[in-house]
Each structure stands twice: as structure tokens, then as C-alpha cells.
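A quick write-up on the structure given underneath.
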Amino acid sequence: MANEDLLKLAIDAVVTAPAASVHRIAALDALRVLADSTLHVEVSKAREENVTWSAIGQSLGVTRQAAFQRFGTGNKEQERKGEIMSKTLLLEVPEHAKKIVRAVASSETGDAISTYFGAEAIAVLTPEKLDTVWAGLLASFGKWEGFGEGSALVLGEYVVDETRLEFEAGAVTFRTSWSADGKIAGLFFLPVAG
């Protein structure tokens with residue numbers, strides 16, 4: 001996904017998150033990281049076109065030395081790439097989680113597992129086991145009716161997504177944890193109280 005598309009997703013996440021919530025804070029942080037990443041790309045492109053550090057610094061309201069220190073060869077490229085990857089994942093996993101639920105609900109569990117599960121999760125959770133869990137949810141809560149509120153947060157080296165599933169007789173939180181490679185590391189169905 002291109003940086004521009006990710007920025008649009010991040011802006012949409014900020015706009016749709018409830019005011020004064022941890023969801024909006026996480027969305028704003030993701031937007032900040034992606035905007036910073038895009039800024040680094042644009043500075044690199046400008047340098048390739050022989051734009052001077054002085055001109056770059058002036059456009060940012062800083063000295064040429066400050067611009068070079070921030071964007072020059074001495075920056076923390078690997079650390080920034082890791083942060084960008086987790087923030088990108090933060091924007092992508094809510095839709096991935098929904099695709100998994102849709103696949104399980106339409107008896108395409110094997111496809112969802114092969115696409116989204118890491119090797120360790122595949123070894124533990126077979127399509128048959130996940131289908132059995134889904135059948136148990138249907139038996140307990142009735143027909144699945146759709147999605148409710150959701151949220152995703154970066155916790156350490158994982159992104160954790162919680163998507164509410166609405167059933168006829170109640171709701172369940174579908175919690176997934178995702179590793180840096182974009183694969184599921186853990187999955188839970190948790191009844192919502194009340």
C-alpha cells in the first residue's frame with residue numbers, strides 16, 4: 001500500500017475515532033509516524049534532485065545543520081522502519097480481522113488460516129478447530145449479524161485488534177494479536193458482558 005493510501009487510512013481513523021479516547025490517541029500517533037515517514041521520503045527525493053540542505057531546512061523552519069541531522073545519513077533508519085511497520089500494521093489489521101470472520105462464517109476457514117496465520121498459529125489452530133469454535137458461538141449466541149465497534153493498539157512488538165461481533169443473542173469480542181510480519185500470533189473469542 002502506498003504512503004498516500006496509508007495516510008488517507010490514518011486520517012480516516014482519526015476522524016472516525018471517538019473524541020478524547022485511546023483510539024483517537026493511537027490513530028493520531030499512527031498518522032504522526034506515517035506523516036514523518038512520508039516527510040523522510042520527500043526529503044530523500046529532494047536531495048536526489050540536488051535540493052540543498054539549506055533550502056530543506058528553510059522549508060522546515062530550521063537550520064541546514066538541523067535538517068541534515070534529522071534527515072541525513074546519520075538518522076535512525078532501522079528504528080524508524082520498525083515503527084512505521086507497526087503503525088502500518090495498526091491500520092491494516094482491523095480489516096484483516098474482519099476478513100477472517102467473514103471467511104469463517106462462509107466456511108472458507110482454510111483460506112483465512114493460510115493467508116493470515118503464522119506457522120506457530122497454524123500448528124495449533126486447524127480449520128476444523130476454528131470451525132468448531134464458530135459452531136459453538138452460533139449455538140450459544142444465535143446467528144451472526146455483523147460487526148460492531150473495533151479498535152487496534154500497538155502493545156510491545158505486537159498489534160492487538162479487538163473487533164466486536166454482534167450475534168442475535170449477544171456480542172463477542174474477536175481479539176487477535178499480530179506479529180511484525182503481519183501474521184496472527186494469537187486469537188480469542190471473548191463474550192461481552194451485559
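In table form, for the structure just shown:
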read-out: Pairs beyond 25 Å (Cα-Cα), from 8/183; 45/87; 8/45; 87/183; 98/143; 8/143; value: 8/143
read-out: Choice from 113, 122, 56 with maximal GNM fluctuation in the chain (Cα, 10 Å cutoff); value: 56
read-out: Calculated from backbone phi, Karplus (6.51, -1.76, 1.60) coupling profile of segment 27-35 in Hz, x at Gly/Pro; value: 5, 5, 5, 4, 4, 4, 5, 5, 5
read-out: Positive-end residue of 50, 117, 35, charge dipole of the chain with Cβ unit charges; value: 50
read-out: Charge tally in the Cβ shell below 9 Å around residue 90, where Lys, Arg are +1 and Asp, Glu are -1, residue 90 excluded; value: -2
read-out: Segment 108-194: trypsin sites (Lys or Arg not before Pro) in DSSP loop, at most 11 other beta carbons within 10 Å; value: 143
read-out: Given [x] 51, 42, 37; [y] 45, 35, 31; [z] 67, 37, 24, the label whose value is Cα extents along the principal axes in Å derived from this model; value: [z]
read-out: About the Cα centre, charge dipole magnitude for the chain (Lys/Arg +1, Asp/Glu -1 at Cβ), debye; value: 520 debye
read-out: Extension gain, residue 24 back to residue 123 (0.36 nm per residue minus Cα-Cα distance, nm); value: 32.1 nm
read-out: Spin-label pair residue 107/residue 46, simplified geometry with 7 Å Cα→Cβ offset, distance in nm; value: 5.8 nm
read-out: Charge dipole magnitude, Cβ of K and R +1, D and E -1 - segment 144-193, Cα centre, debye nearest 20; value: 140 debye
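Bear in mind that the values in this text are calculations on the coordinates, not laboratory data. As the structure is a prediction and not an experimental result, all values here were calculated from the model. Counting neighbours? That spans all protein chains shown, and the Cβs are built from the backbone with ideal geometry, glycine included.
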